[in-house]
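Contents: one structure, followed by commentary.
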Amino acid sequence: EDEGTQFVETFQDAWEAWLEQELGVHGSAHAQWQELLNHMGLKEIRSFAFSLCQDQISIYEFEQQVGLEGFPPAFRTWLQSKQRQVRSLLTQYDRVKPRKIEKLLTLAERVFDQVGQVNLAMDDPLSDADKVFLNSAIGKAPGEWEPSDFQDARRTIQSAQRLLHVHETLLSKVLHVLGPFAARVRQIFSDKGWIRFDGLLIRVRDLLRDHPMVREQLKETYAAIMVDEFQDTDPVQYEILLYLGERPNACERFWRDIQLIPGKLFIVGDPKQSIYAFRRADIEAFDQVVEKVTHDGGIVCTLLTNFRSDGAILEAVNAVFDRLFIPQVNVQPSNVPLAVGRMREADSGTTGVEICVMANQEEDDEWDADRATRVEAEWLAGWIKEQLLPGRQWIMEKGVRTSLCPGHIAVLLRKFTNAQVYLEALQRHNIPCMADGERHFYRRQEVIDVVNVLRVLDDPTDALALVGILRSSLGGLTDQEIMEVMKLGPLDIRQAQRFDEWESPQRSVIQ
């Protein structure tokens, strides 16, 4: 398995050699290159070639799709659904004087019609001004628009914006030029004995798809399959799992046609936690597999009870997440409110949650993340000192009502990068504190002084460490006094007698 460096190096070496050959005096495709470079830069062509060389893309299937006359049925169906959606929205929100959202939808409809050659001839394209307007920001929803309708309109307009940049003829020519190069790079990489992680998955998928005997044997090997963090698996991994979960003595080539054995495939996942979009893990694919499993007799169980958090915390989390997680089909699932476990129910006498946001109320021009952190740290320290520590709050500790003290308070941070800012704020307010796992211990002045002493003991000629000692509270010398000492000779703790003639009250420090 290759982590990526070998593939990048192989590609780069092959790209430079091939480019020199293609664009050199003996190149045979100068006219094709000239046409490509008139539409796109060499950097874009290289990026496309890099993607084409990877195993996730089937060059043969890609060439077949690009070479099709007309669009595949699935794409035409999608296009027609978009056209119907636009017309429905324009009818519902018809105005004598259209606003920006209605104008954008009208242009989107023209794009869909033009691409599908339904109502608009291909010789009636959008003007440059129309294209610029269609690519402009959509803005906020007008007052009378329903939020769900506005989200549908936004996604539809974005689809039209992307279609504006599709140039199928150019794509075919790029593929014609780069296809042989991509096949050569794949072969070179394979001949070196390397394979990428994606390549392993592709080959396993192809083995199960194209070799019925292998698939049948592996299906018999595994009686049950459980997959955790399913939202982070990609479409190729989905196919592998579905092939292994297929009914006995069946061998469907396409995963949508597979019939699963009830109860064999058990998946656990939360689409809101998907973090592997870069590896093609996405909510749409997740939903498709869940739909496939349920269609074949599976059931969906939603886990609602949270056993970790206090009821007051969950109340705040549910309230915030219900507002943040606005459902969008194939983009964002809705929030599922969490229920508190019976042992963690909120007690209004001892628990509560306050949400405080640091805002730039004075419109400070220097307001940034660092400034906001300092303001938050200072506010937090002041709030703890004024609201919690004067004996106004109490907790139940081992069944006894106890006044709150600093040892009862914990400040949790997302990361330790700015921990020192909070520690210094607490110290300014004379609040005893300690940091568990903090990384700033060796930056404290007293620790630096001790380290300098140890360095000098280890190496008596370490002038930098010795100067640090002399300038610290241990030495108490000024920079001017240190300069006078250095004029008497090199700093070396073994040569203290050298400074007997130094006429200064600080001579004893040196000696």
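The values are calculated or read from the model by the stated rules, or taken from the named source; none is laboratory data. Nothing here was measured: the structure is a model prediction, and the numbers come from that model. As a convention, Cβ positions derive from the backbone with ideal geometry for all residues, glycine included, and neighbour counts pool all protein chains shown.
Structure notes:
- Qualifying residue in region 193-204 (condition: among the aliphatic types (A, V, I, L, M), within 30 Å of L79 (Cβ to Cβ) and either outside the structural domain of V329 (by TED's automatic domain parsing) or touching a strand residue (DSSP E or B) at 6+ places or on another chain (Cβ under 8 Å) (or both)): yes
- If you go through region 311-325 and keep only what is surrounded by fewer than 16 Cβ atoms within 10 Å (Cβ to Cβ) and among the β-branched types (V, I, T), you end up with just V320.
- Consider region 384-429 and keep the residues that are part of a loop (DSSP other than H, G, I, E, B) and of a type in the set (K, R). The one that is farthest from T373 (Cα to Cα) is K398.
- Looking across E63, E16, one residue alone is among the charged types (D, E, K, R), modelled with pLDDT of 85 or more, assigned to a helix (DSSP H, G or I) and not assigned by TED's automatic domain parsing to the domain that holds F150. It is E16.
- A single member of R209, R186 is surrounded by 15 or more Cβ atoms within 10 Å (Cβ to Cβ), at pLDDT 90 or above and assigned by TED's automatic domain parsing to the domain that holds E252, and it is R209.
Each row is one residue, and each column tells you yes or no for (1) under 30 Å from W383 (Cβ atoms); (2) exposed (fewer than 15 other Cβ atoms within 10 Å of the Cβ); (3) assigned by TED's automatic domain parsing to the domain that holds K385.
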site	(1), (2), (3)
P406	yes, yes, yes
T417	yes, yes, yes
Q420	yes, no, yes
D459	no, yes, no
G468	no, no, no
I482	no, no, no
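- Residue satisfying condition, being among the basic types (K, R), closer than 26 Å to V214 by Cα and exposed (fewer than 12 other Cβ atoms within 10 Å of the Cβ), within set R308, R342, R256: R256
- Residue count for region 142-161 satisfying the condition of being modelled with pLDDT under 80 and part of a helix (DSSP H, G or I): 0.
- Of the residues making up region 270-284, none is surrounded by fewer than 18 Cβ atoms within 10 Å (Cβ to Cβ), over 30 Å from V8 (Cα atoms) and of a type in the set (F, W, Y).
- Condition check for V400: surrounded by 13 or more Cβ atoms within 10 Å (Cβ to Cβ) and modelled with pLDDT of 75 or more: no
- Applying the criterion of at least 1 residues that are of a type in the set (A, V, I, L, M, F, W, C) and over 19 Å from V289 (Cβ atoms) to the helices (runs of 4 or more DSSP H) found wholly in region 194-269 leaves 197-210, 212-221.
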